[in-house]
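Asks: What follows is a single structure, and I will ask about it in a moment.
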Amino acid sequence: MKGFLLLIAAIVGVGFAYPLVGEGTTSSCDAVEKVTVRVVAVHDKDHPSSLVLGSLLQGISRGQFAAVAAKDRYPSLPPAVACTVLYWHAVLNTEDFVDDVVKRH
């Protein structure tokens, strides 16, 4: 049982740490903004200016926009946890992320 709990703790730890390390950020909400800019750039090729605007806004906000979106999407979760959930949603299920989160805001 102890080994199983350690495995679960390791998975949760990696789940929270990877967005920070993988995106080179200090907050999960900033990581969400970075992945969102990439996802929009790939899915919105008709409007290349969206990449420039997204990068500019992401550079200014440093996770504040994502924190608001995460709080709106998951009001009962703390922003850091909600942003982590959104990050993994964006990475693992990009099409739904674009439809569900990006086009909604």
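The values are calculated or read from the model by the stated rules, or taken from the named source; none is laboratory data. Since we're looking at a predicted model, the values are computed, not measured.
Asks: Spot the failing condition for residue 4; the list is (1) under 22 Å from residue 71 (Cα atoms); (2) assigned to a helix (DSSP H, G or I), and only one is missed.
Replies: (1)
Asks: Somewhere in the range 53-72, is a residue modelled with pLDDT under 90 and of a type in the set (Phe, Trp, Tyr)?
Replies: yes
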